[in-house]
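See below for the structure under consideration.
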Amino acid sequence: MPLPATKRAEKIIARCREIAACTEVPGETTRTFLAPSMHKVHALLRDWMVAVGMTVSIDAIGNLRGIYPGSDRGDRLVIGSHLDTVPNAGAFDGILGVALGVALIEELHGEHLPFAIEIVGFSEEEGVRFGKPYLGSMALTGSLDDEVLQRKDTQGISVEAVIREFGLDPARIPAAAISSDAFAYLEVHIEQGPLLESENLQLGVVSAIVGQTRLQLRFSGQANHAGTTPMHLRHDAMAAAAEWISEVERHAKVTPGLAATVGKVQTRPGAGNVIAGEVFATLDVRHANDEIRRNAANALLTAATNSGGARGVQVSVLASSHEDAVPTDVALSKLLLEASEAAGTPARVMPSGAGHDARIVAERMPISMLFLRSPGGLSHHPDESVRPEDVEAALATTLAFVTLLKANHTIQATPQPATEAHA
């Protein structure tokens with residue numbers, strides 16, 4: 001007998017909390033790439049998947065993959081998200097999308113669609129242990145190379161060694177690449193931000209995963225005595241950086257859709273009675289339009305130079321990384337919007353300010369993403385939560401989505417260029 005709507009949402013939430021108890025640190029949820037607790041995660045998900053008629057395997061990077069066969073065609077829809085966490089995480093980031101995928105299969109009640117459905121629980125997305133995110137989805141797209149396998153953590157242990165320790169064979173990673181019959185990808189995820197809640201909305205359909213520019217700047221002035229150096233004779237690196245930080249905020253506020261953040265500042269020598277001689281600062285610039293993002297980053301670099309020049313402080317860029325925005329597929333996103341309407345919970349179109357596995361999967365197939373509201377806008381935090389009515393709305397929308405796909409799933413793959421990405 002089918003579960004009532006409230007009960008099926010509560011079941012998904014309970015499963016997420018059961019997974020959250022699989023952790024390396026007692027009293028919190030911390031589960032990095034192929035940590036020992038991932039064996040327990042795999043066991044739980046395997047049991048749930050097998051119970052609804054799925055065939056389950058674990059590939060060589062540690063992705064858990066369950067396949068629900070189609071009735072008469074070789075095509076497959078891929079539904080996925082990640083199983084790893086940041087330190088001291090919440091219970092829903094990543095795993096909600098996998099648990100909801102299993103619930104979707106359960107709600108089919110044995111019906112086989114014209115296409116197969118493959119649910120993927122990616123082994124790594126956050127990049128915590130090796131400073132390299134998306135290991136799971138990179139293996140799925142065939143872009144995980146030997147250089148990545150040789151990366152080492154702070155203990156000097158390589159990615160390859162961790163794979164072997166988990167009981168897998170890194171030589172078989174090429175076999176983890178998704179087959180050519182995969183025609184579309186759907187990722188359901190908590191928003192991880194406050195926008196939907198601020199507008200009293202439950203769901204969002206993602207239009208693009210924003211592009212990012214990350215920079216590390218150095219403001220080089222002259223350290224000197226705080227009491228004996230007159231104000232007009234100072235070369236204060238901190239004053240230059242502070243003026244620039246205010247300009248970063250101002251510029252982002254007047255540019256629609258732009259997010260710009262100075263998240264880390266270090267001063268030298270760092271004493272209360274010494275004028276700062278050097279300041280190191282980070283800059284993170286994000287926008288769904290790459291031209292706007294690049295122009296903003298250039299403008300903010302000019303602003304930093306101007307703030308320094310007014311004080312005899314030199315400004316240099318020490319490190320930089322850039323990744324382009326990844327649009328979701330127009331046809332799939334339209335179907336997802338139609339599905340939300342059909343399910344009775346119209347969704348808002350919005351960009352994703354965070355990175356997701358969908359960014360990497362876009363290299364191989366068209367992607368779509370469905371967000372659900374994050375209470376308090378909170379994520380990557382132990383108090384991260386979801387509302388049962390939002391989980392139910394997401395499940396109902398996903399069910400309507402696959403129903404629409406039954407009528408039309410002739411989406412052609414439109415690969416995106418690979419980029420150096422960050423979660």
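Rounded, prolate or oblate: which fits the range 211-323, taking a ≥ b ≥ c as square roots of the Cα gyration tensor eigenvalues, rounded meaning a/c under 1.5, else prolate when a/b beats b/c? Numbers along the way, then the final one.
Details: a/c = 2.65, a/b = 2.24, b/c = 1.18.
Judged from the Cα gyration tensor, the range 211-323 comes out prolate (a/c at least 1.5, a/b above b/c).
Can you compute the charge dipole magnitude of the range 211-323 about its Cα centre, using +1 on each Lys and Arg Cβ and -1 on each Asp and Glu Cβ, nothing else charged? Give it in debye, rounded to the nearest 20. Intermediate values should be presented prior to the final figure.
On the way: 11 positive and 9 negative charges, 21 e Å.
In debye, rounded to 20, the range 211-323 gives about 100.
Helix 388-407 and the longest principal axis of the Cα set of the chain meet at an angle near 60°.
The gain in end-to-end length when the Gln266 to Ala226 segment is fully stretched comes to 12.6 nm, 0.36 nm per residue minus the alpha carbon separation. Straight Cα distances below 29 angstrom link Lys132 to the lysines Lys40, Lys152, Lys264, with same-chain residues fewer than 8 positions distant left out.
What's the FRET efficiency of Glu10 with Ala51 using the Cβ-Cβ distance as r and R₀ = 30 Å, to the nearest 0.05?
E between Glu10 and Ala51, to the nearest 0.05, is 0.95.
Of the residues Ala319, Ala184, Ala241, the one that moves most in a GNM of the chain with alpha-carbon contacts below 10 Å is Ala319.
When both the range 371-386 and the range 169-234 are represented by their alpha-carbon centers, they are found 17 Å apart.
In the chain, the calculated helix contribution to ellipticity at 222 nm averages -10000 deg cm²/dmol per residue, counting -39,500 (n - 2.57) for every DSSP H run with n ≥ 4.
Using only the alpha-carbon atoms, how far is helix 38-51 inclined from the longest principal axis of the chain? Give it as 0 to 90 degrees, nearest 10. Long axis of 38-51 versus the principal axis of the chain: about 30 degrees.
For Thr305, the accessible surface of its heavy atoms amounts to roughly 80 Å² (probe 1.4 Å, protein chains only, rounded to the nearest 10).
Which stretch or stretches of the range 184-222 have amide N atoms under 19 Å from the point lying 7 Å from Val330's Cα along the Cα→Cβ direction? So the set is 184-185, 205-210. Farthest toward the positive end of the dipole of the chain, out of Ile367, Leu301, Ser37, is the Cα of Leu301, where the dipole comes from beta carbon charges about the Cα centre. Treating r as the C-beta distance of Glu199 and Lys406 and R0 as 41 Å, the FRET efficiency rounds to 0.85.
Please identify which residues in the range 304-341 have an amide N closer than 15 Å to a label point set 7 Å out from the Cα of Glu249, following the Cα→Cβ vector. Zone members listed by number: none at all. So the label point goes 7 Å from the Cα of Gln216 along Cα→C-beta, right? Which residues of the range 269-306 then have their backbone N under 13 Å from it? Residues 280-283 fall inside that zone.
Just subtract the alpha-carbon distance of Ala177 and Asn88 from 0.36 nm times their residue separation and send over the number in nm, one decimal.
28.9 nm
Against the chain, whose longest principal axis comes from its Cα atoms, helix 237-253 is set at around 40 degrees.
Between the listed residues Ala400, Ala9, Thr229, the Cα displaced farthest toward the positive end of the dipole of the chain, a dipole computed from Cβ unit charges relative to the Cα centre, is found at Thr229.
In a simple Cβ point-charge model (Lys, Arg +1; Asp, Glu -1; nothing else charged), the chain has a dipole of about 720 debye relative to its Cα centre. Note on the range 91-143: dipole from Cβ charges, positive end direction compared against Val102, Leu135, Ala91; the farthest Cα belongs to Leu135.
The DSSP beta bridges internal to the chain are antiparallel in roughly 70% of cases.
The values are calculated or read from the model by the stated rules, or taken from the named source; none is laboratory data. Treat the numbers as computed from the prediction; the structure is a model and nothing was measured. When we count neighbours, we look across all protein chains shown, and the Cβ atoms used for this are built from the backbone with ideal geometry, even at glycine. The accessibility values were calculated without ligands, DNA or RNA, using every heavy atom of the protein model including side chains. Shrake-Rupley method; radii C 1.70, N 1.55, O 1.52, S 1.80 Å.
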